[in-house]
1. Can you tell me the mean projection area, over all orientations, of the convex hull of the stretch 3-66's alpha carbons? Units nm², please.
2. What full-extension length gain, to one decimal in nm, is calculated for residue 46 and residue 111 as 0.36 nm per residue of separation minus the Cα-Cα distance?
3. Roughly to the nearest percent, how much of the accessible area of the chain is carbon and sulfur, given a 1.4 Å probe?
4. Given labels modelled 7 Å from the Cα in the Cβ direction, how far is it in nm from residue 29 to residue 61?
5. I'd like the GluC sites (Glu not before Pro) in the stretch 1-69 restricted to DSSP loop residues with at most 12 other Cβ atoms within 10 Å, sorted by number.
6. Once you've got the Cα coordinates, tell me which of 11/35; 11/32; 58/108; 8/58; 32/64 are over 22 Å apart.
7. Fully extended, how many nm does the chain gain between residue 82 and residue 11 (0.36 nm per residue separation, minus their Cα-Cα distance)?
8. Local charge sum around residue 10 (other residues, Cβ-Cβ under 12 Å, Lys/Arg +1, Asp/Glu -1)?
Amino acid sequence: MLPNILLKVEKALEEKAILSKDQLIIFMSLLKRYKKNEWLYPGVLIRKLDITSSQAYKVLEIMKEMDVLEVNYELYCHNCNTFEGPIYETFSLMPNEVECESCDTELKPLINSIVIYKVIFDGE
Ligand SMILES: [Zn+2]
């Protein structure tokens, strides 16, 4: 992401005070590496910033409201802890039932889908 959009995101997050100053600095250097059409996983924020999942989703929802991110869905197998790909743009596009390719567990969108965020504006 380019400095103009990073600055806007930083200001918005500062106002909402979800992250500490240090966490905000780490998050900004992380965001710099993301480009349009790449996916930001909530788990990455949780790990890198050492925050709760509720904090991570709050941050990502703010960026969604700014039209920087949009919500996508991916199936996740909780049995073998892997993402199944492909990524779906809306929940309704997900297949009703799929088997995990690694362990054959039956995956259902309502139980096994994870919300991920696609970068739709990076300042370009
Ligand atoms: Zn599996």
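1. That works out to 4.0 nm², a quarter of the Cα hull's surface.
2. Full-extension gain reported as 21.3 nm.
3. The computed percentage sits at 52.
4. With each label placed 7 Å out from Cα toward Cβ, I get 2.9 nm.
5. The qualifying sites are 38.
6. Going by Cα-Cα distance, 58/108 fall outside the 22 Å limit.
7. Full-extension gain reported as 22.1 nm.
8. Residues close to residue 10 contribute a combined charge of +3.
The values are calculated or read from the model by the stated rules, or taken from the named source; none is laboratory data. Note that the structure is predicted; figures quoted are calculated from it, not measured. We place every Cβ from the backbone using ideal geometry, glycine too, and count neighbours over all the protein chains shown. Heavy atoms of the whole protein, side chains included, go into the accessibility calculation; ligands, DNA and RNA do not. Shrake-Rupley method; radii C 1.70, N 1.55, O 1.52, S 1.80 Å.
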